[in-house]
Amino acid sequence: MLVWPNWARVAGALQARGVSIEAQQLAGADPLARFSFDRAHIITGSTDQRRSNKFLELVLIEAGLELSEQTAAALAEIRAYHRQHNLWEIVPDFVVPALQRLRSAGYKLTVVSNANGTLHRAFDRLGLAPLVDLMLDSEVEGVEKPAREFFERALSRSGASAETTVHVGDLYNVDVTGARGAGLAAILVDEADLYRDIDCPRIRSIAELPELLRQL
């Protein structure tokens, strides 16, 4: 949503082990993989860490690769990198301007992320930390979306109220369901236009958010 996985890094790890794939193919498979596990029974029956491990494999499958010893070795390298640095390290060109527009419009911005303990370091490294007011990392907090407590903790620390807060995320059964459970309105980021019959506002990227909020 604000940052994308570094699919060039993943493609490089695969290519180093003789698996032919381009970063663009993996990027195209990303939303399809997320959509495939965005089901209520999967979300409630797993943890973010377990889903993250499965997610990379699903991306390879959606990109047309067969899982093998070579792909397993490449993903082991990528997971090790992610644990230390965070693989979600690509900032799309539209993100900084969108955040700047939101701040100029007077919005207070809080990041509530199912992350692995590296969120703050990653946002510092990527230059995004000065553009948001508060960050909550699920690994640090010991609670993750869609748990109501996570959203309530964010509201409390930011000094916001549920009635005047909108949560924006890219997984319906994590972000929309979780936000609504805490009394927040929700907007779904649907990059690939996969959630056509969903019961909430949709945007294709954060670039559209300032204008949508202006209209609400």
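The values are calculated or read from the model by the stated rules, or taken from the named source; none is laboratory data. Bear in mind the structure is a predicted one, so any value in this text is a computation, not a measurement. No Cβ is skipped: glycine too gets one built from the backbone with ideal geometry, and neighbour counts run over all protein chains shown. Just the protein is used for accessible areas: all its heavy atoms, side chains included, with ligands, DNA and RNA removed. Shrake-Rupley method; radii C 1.70, N 1.55, O 1.52, S 1.80 Å.
Would you confirm, using the coordinates I've provided, whether residue 179 is open to solvent by less than 20 Å² (accessible area, probe 1.4 Å), touching a helix residue (DSSP H, G or I) at 6+ places or on another chain (Cβ under 8 Å), in contact (Cβ under 8 Å) with a residue 12 or more places away in the chain and not β-branched (Val, Ile, Thr)?
yes
Residue 107: open to solvent by 30 Å² or more (accessible area, probe 1.4 Å), within 18 Å of residue 158 (Cβ to Cβ), hydroxyl-bearing (Ser, Thr, Tyr) and touching a residue at least 12 places away in the same chain (Cβ under 8 Å), yes or no?
Values: open to solvent by 30 Å² or more (accessible area, probe 1.4 Å): yes; within 18 Å of residue 158 (Cβ to Cβ): yes; hydroxyl-bearing (Ser, Thr, Tyr): yes; touching a residue at least 12 places away in the same chain (Cβ under 8 Å): yes.
For residue 107, the condition - open to solvent by 30 Å² or more (accessible area, probe 1.4 Å), within 18 Å of residue 158 (Cβ to Cβ), hydroxyl-bearing (Ser, Thr, Tyr) and touching a residue at least 12 places away in the same chain (Cβ under 8 Å) - is met.
Looking at the structure I just gave you, is residue 74 modelled with pLDDT of 95 or more and either outside any helix (DSSP H, G or I) or over 17 Å from residue 170 (Cα atoms) (or both)? Talk me through it step by step, then tell me what you get.
Values: modelled with pLDDT of 95 or more: yes; either outside any helix (DSSP H, G or I) or over 17 Å from residue 170 (Cα atoms) (or both): yes.
So residue 74 fits the description; yes.
Quickly run through region 129-153 and pick out the residues that are assigned to a strand (DSSP E or B) and over 15 Å from residue 108 (Cα atoms). Steps first, answer last, please.
Just the residues of region 129-153 that are assigned to a strand (DSSP E or B), to begin with: 134-137.
Result: 137, single match.
Do we find that residue 198 is within 22 Å of residue 37 (Cβ to Cβ), of a type in the set (A, V, I, L, M) and surrounded by fewer than 18 Cβ atoms within 10 Å (Cβ to Cβ) in this structure? Before the answer, list the steps.
Details: within 22 Å of residue 37 (Cβ to Cβ): yes; of a type in the set (A, V, I, L, M): yes; surrounded by fewer than 18 Cβ atoms within 10 Å (Cβ to Cβ): yes.
Judged against the criteria, residue 198 is a match.
If I ask for residues that are more than 18 Å from residue 177 (Cα to Cα), of a type in the set (Ser, Thr, Tyr) and open to solvent by less than 20 Å² (accessible area, probe 1.4 Å), which ones from region 128-162 would you list?
158
Would you confirm whether any residue within region 117-127 is open to solvent by less than 70 Å² (accessible area, probe 1.4 Å), at pLDDT 95 or above and more than 14 Å from residue 3 (Cβ to Cβ)? I'd like the intermediate steps shown before the answer.
Taking region 117-127 as the starting set, the residues that turn out to be open to solvent by less than 70 Å² (accessible area, probe 1.4 Å) are 117-119, 122-123, 126-127.
Among the residues that remain, those that are also at pLDDT 95 or above are: 117-119, 122-123, 126-127.
Still in the running and more than 14 Å from residue 3 (Cβ to Cβ): 117.
Yes, region 117-127 has at least one match.
In this structure, does residue 112 turn out to be under 26 Å from residue 193 (Cα atoms), within 15 Å of the chain's Cα centre (by Cα) and not in a helix (DSSP H, G or I)?
Values: under 26 Å from residue 193 (Cα atoms): yes; within 15 Å of the chain's Cα centre (by Cα): yes; not in a helix (DSSP H, G or I): yes.
Yes.
Which one of these does residue 83 not meet: (1) open to solvent by 20 Å² or more (accessible area, probe 1.4 Å); (2) touching a helix residue (DSSP H, G or I) at 6+ places or on another chain (Cβ under 8 Å)?
The single condition residue 83 does not satisfy is (2).
Can you list the helices (runs of 4 or more DSSP H) lying wholly within region 1-58 that have 2 or more residues being of a type in the set (D, E, K, R) and in contact with a Phe, Trp or Tyr (Cβ under 8 Å, 6 or more places away or on another chain)? Quick ask: steps written out before the conclusion?
Working: elements: 7-15, 23-37, 40-44.
So the answer is 23-37.
Looking at (1) open to solvent by less than 30 Å² (accessible area, probe 1.4 Å); (2) part of a helix (DSSP H, G or I), which is the only condition residue 92 fails?
(2) is the only condition that residue 92 fails.
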